[in-house]
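Note sheet for the following structure.
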């Protein structure tokens, strides 16, 4: 059954998509998926349906991105339309069985069905009820409405919704207005100059050639290494950098060794939340930064190179994606070859313990818990050629790697992950 939750809020209107939305729209079309994010959360003892409805009303009334739909006209790009008021359908699912299992199955169903961008709000939510009491909240948010860091903002707000202050994060319509301003155009043009310089000099190929593809072709490897986590902390402390730079260096070393192409070029996903007005925005503001790392050096030197490369990529990861694609097309035509860019690296850890003191010792790294690795045929058979996610899991380096086996074999996918672990643990346990 459904109950309708009324809402109303500020920021209504229509306009062009923001850069973040423009970034996601072609990826969603290419993958035939809304690329939804969210999950299943147990509800506290004593929660009621009215409590869940109040949370829904708070979220959607507060953030324009959650009441944004699309309209399509004659052009290539849709426009965003933000409503000032409406009703949200909250699904209520009763079960006599395992409510957690029912909630997980419901989330999968939500994920597998693409949103109706014109008629449906960009969020799906349900309360699973067992014995007449809501036990689990299921939520899925279209990637047009928010990225993972935006959901973290939302989660923090929900924990203090009874004393929430005014919204400080810039919503997508306001972002789009700034992006069309002279300041926004200058930002985009500066970032694209960096992209152009890199595109003219990097190797065109990321992968050596076709492989014996699986049927269906996409494959995932799930990997978890407590030792790599401790080792990254130790190497980061030694080099006065973040663990992100250390893991990027480990990725570059492993990728160069396994794939055989150096320098390593990847599109590193940048949150952009250090920019004015974006830190607390419930919206999609992540963009790829073109990251180029020469891995032919000692590991500590590669760490330094990765640190500098990530800073350059981060600085220049905020631009108009349509103009960026036009630039890529132009440079490819001038080079007379396709520049392969379908290699992504996404460190999506929200909280990191880079400042852990004292740094782990070599003995602690060697004594860390067991590494686990699983090959998992994915259900969704679309995606990029290589996409590595570092997940927000404490006390381990938790990775989910998806590859297109027409270009990267499962064996090579595993070898990259094993190579990352070997590179960082070796650097942390070898005498210098």
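In the list 244, 224, 283, which residue meets the criterion of being touching a helix residue (DSSP H, G or I) at 6+ places or on another chain (Cβ under 6 Å), surrounded by 18 or more Cβ atoms within 10 Å (Cβ to Cβ), assigned by TED's automatic domain parsing to the domain that holds residue 383 and in contact (Cβ under 8 Å) with a residue 12 or more places away in the chain?
After ruling out the rest, the residue left standing is 283.
With a cut-off of at least 3 residues that are at pLDDT 90 or above and within 20 Å of residue 309 (Cβ to Cβ), name the strands (runs of 3 or more DSSP E) lying wholly within region 330-408.
Hits in region 330-408: 343-347, 386-390.
Is it fair to say residue 415 is free of Cβ contacts under 8 Å to residues at least 40 places away in the same chain and either on the phi < 0 side of the Ramachandran plot or buried (at least 20 other Cβ atoms within 10 Å of the Cβ) (or both)?
no
Among the residues of region 195-229, write down those that are within 19 Å of residue 313 (Cα to Cα) and part of a helix (DSSP H, G or I).
Residues satisfying the conditions are 195, 196, 197, 198, 199.
Can you say whether residue 232 is in a helix (DSSP H, G or I) and surrounded by 21 or more Cβ atoms within 10 Å (Cβ to Cβ), as far as the supplied structure shows?
Yes: the conditions hold for residue 232.
Tell me which residues, restricted to region 79-99, are at pLDDT 95 or above and farther than 19 Å from residue 48 by Cβ.
79, 80, 81, 82, 83, 84, 85, 86, 87
Looking at (1) surrounded by fewer than 23 Cβ atoms within 10 Å (Cβ to Cβ); (2) touching a strand residue (DSSP E or B) at 6+ places or on another chain (Cβ under 7 Å), which one does residue 44 not meet, given that it meets all the others?
(2)
Test each condition in (1) closer than 23 Å to residue 399 by Cβ; (2) buried (at least 17 other Cβ atoms within 10 Å of the Cβ) for residue 319 and report the one that comes out false.
(1)
With without any contact (Cβ under 8 Å) to a residue 24 or more places away in the chain and farther than 30 Å from residue 55 by Cβ as the only criterion, which of 182, 210 stands out?
Unique residue meeting the criteria: 182.
Considering only region 382-397, state which residues are over 16 Å from residue 269 (Cβ atoms) and either touching a residue at least 60 places away in the same chain (Cβ under 8 Å) or not assigned by TED's automatic domain parsing to the domain that holds residue 220 (or both).
Answer for region 382-397, where residues must be over 16 Å from residue 269 (Cβ atoms) and either touching a residue at least 60 places away in the same chain (Cβ under 8 Å) or not assigned by TED's automatic domain parsing to the domain that holds residue 220 (or both): 382, 393, 395, 396, 397.
Keeping to region 150-175, report how many residues are loosely packed, with under 15 Cβ neighbours inside 10 Å, assigned to a loop (DSSP other than H, G, I, E, B) and touching a strand residue (DSSP E or B) at 6+ places or on another chain (Cβ under 9 Å).
Final tally of qualifying residues: 0.
Quick test of your reading of the structure: residue 274 fulfils all but one of (1) touching a residue at least 60 places away in the same chain (Cβ under 8 Å); (2) more than 27 Å from residue 413 (Cβ to Cβ). Name the failing condition by number.
The single condition residue 274 does not satisfy is (1).
Of the conditions (1) touching a strand residue (DSSP E or B) at 6+ places or on another chain (Cβ under 6 Å); (2) under 14 Å from residue 20 (Cβ atoms), residue 178 satisfies every one except a single condition; which number is it?
Result: residue 178 fails condition (1) only.
Just to be sure, is residue 49 in the same structural domain as residue 147 (by TED's automatic domain parsing) and more than 25 Å from residue 174 (Cα to Cα)?
Taking the combined requirement at face value, the residue satisfies it.
Restricting to region 235-277, and then to whatever is in a strand (DSSP E or B) and over 17 Å from the mean Cα position of the chain (by Cα), can you tell me which residue is farthest from residue 170 (Cα to Cα)?
In this case the residue turns out to be 264.
In this structure, does residue 190 turn out to be more than 30 Å from residue 112 (Cβ to Cβ), touching a strand residue (DSSP E or B) at 6+ places or on another chain (Cβ under 7 Å) and either crowded, with 21+ Cβ neighbours inside 10 Å or modelled with pLDDT of 95 or more (or both)?
no
The values are calculated or read from the model by the stated rules, or taken from the named source; none is laboratory data. What you see is a predicted model, and the numbers here were worked out from it, not measured in a lab. Cβ: placed from backbone, ideal geometry, glycine included. Neighbour counts: every protein chain shown.
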